[in-house]
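*Asks:* Here you go, one structure.
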Amino acid sequence: MSTSHQNDPKRRALGKGLESLLPSRPSAPAPSAPAKASPAVAHGTPLEIDVDLIDRNEFQTRTHFDEAKLEELASSIAATGVVQPIVVRPGNNGRYRLIMGERRLLASKKAGKSTIPAIVRDVSNVQAMEMTIVENLQRADLNPMEQARAYERLSRDFHMTQEQMATRTGKDRASISNFLRLLRLPESVQKSVEAGELSFGHARVLLALDSPEAIAAAAQKVLALHLSVRMTENYVQGIMNPESKAKSDKPVVAVDPNVREAQEQLRRSLGLKVSIEDKKGRGRVIIEYSGIEDFDAILTALGDRTYKA
C-alpha cells in the first residue's frame, strides 16, 4: 500500500468506522512458557499432561471396552506413542476431565506412560456431553444398546430430532430410529444384546411381538436353541400367526450347518425354494415349484431331459 493511501484521512476514517462495527479484539497476551500455559489458551495445541491428573468422563455412554483390543492399543502406544491426542477440559485443583479418548488414556496407562498428549478445550458441561456422545456414535465398535442409549440421550438432553441426529453423526435416520426402538426391549433382553448373545438383527425381529413378556420368553427360546436371525423370524411369525403354525405344529430346532449349506446350494442351483428335513442323517428334500417350467427345470437339473409336459 502506498504512503499516500496510508496517510489518506478518509481511509483512516473508514477503518475507524469498521472498528466501531466489529467487536474489538483484545491484544494478544505475551507468550508464556509451555509449562505455565493456561488450559484455557491451549486450544489446538497438544500438551503433555500427567495421566494421573485426568479424571474419567462423567458423560461417557460406553460401558464396555474390548480387553484384547485395549492390550493391542497399549502395545502400539508403548512402541510408537499416542498418534492422536485426547481431548480434555479444565477441572478443579489443577486437574482435567476427559472429553474424548478414553481408550487411548486407558491404553497409555497400561503401556506405563506417565503423560499423554492432550488438547484442552474450555467447554461447558452441555458441550462436553454432546461432544462425547457424538464422538462415540461415530465409532464403529459400540454395541447396539450403547448406541441406542446415546441416541436417546441426544434426544432427551439436547432435544434433537432424528433428522438432526443423523446430520450430526452422519448416520441414516432410519437406522437411528431402529436403534431407539431397542430401548423398548425388556431389561433382560437388553443385557443379552449388550453382551453380544443376541444380535441387532435378533432384537429387531423380537420387537415385532406385542408385549415385554412375549419378547422375553421368545428371547429365551432363541438363546436356548441358538437360532439364527432367519430362524428367529420364522419362530416369531409362528407366534404372531398361530393359524399358519397349526398347519405344521413342529418345534423350532436348530439346523445343522452342513445341512443348511447343502440347502442353500440346491436353492442357488435350481433357483427354487428348497428345504431339507434332516434327523440323524435321515430325512427328505422338499423342492417347491410354481409352474410346469419350474418342474421341467427340476427334471433337467436331475438329469432327466426326456420328460415332456
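Where a number appears in this text, it was derived from the coordinates with a stated rule and is not lab data. Quick caveat, the model's predicted, so the values are computed rather than measured. Counting neighbours? That spans all protein chains shown, and the Cβs are built from the backbone with ideal geometry, glycine included.
*Asks:* What does the C-alpha gyration tensor say about the overall shape of segment 49-180? Classify as rounded when a/c is under 1.5, otherwise prolate if a/b is larger than b/c, or oblate.
*Replies:* The shape class here is oblate.
*Asks:* Which residues' amide hydrogens lie under 5 Å from the amide hydrogen of Thr115, considering only partners 5 or more residues apart or on another chain, with H built in the peptide plane?
*Replies:* Those qualifying (amide H under 5 Å, at least 5 residues apart or on another chain) are Val51.
*Asks:* Residue by residue through segment 184-195, what is 3J(HN,Hα) from phi via Karplus (6.51 cos²θ - 1.76 cosθ + 1.60, θ = phi - 60°)? Round to whole Hz and write x for glycine and proline.
*Replies:* 7, 5, x, 3, 5, 6, 4, 5, 5, 5, 5, 7
*Asks:* Can you tally the net charge around Glu163? Count Lys and Arg as +1, Asp and Glu as -1, for every other residue whose Cβ sits under 15 Å from the Cβ of Glu163.
*Replies:* Values: positive: Arg168, Lys171, Arg173; negative: Asp172.
Net of charged neighbours comes to +2.
*Asks:* Among 222-234, 101-113, what's the highest-first ranking by average C-beta atoms within 10 angstrom per residue?
*Replies:* Working: 222-234: 16.2, 101-113: 18.9.
In decreasing order of mean packing, 222-234, 101-113 become 101-113, 222-234.
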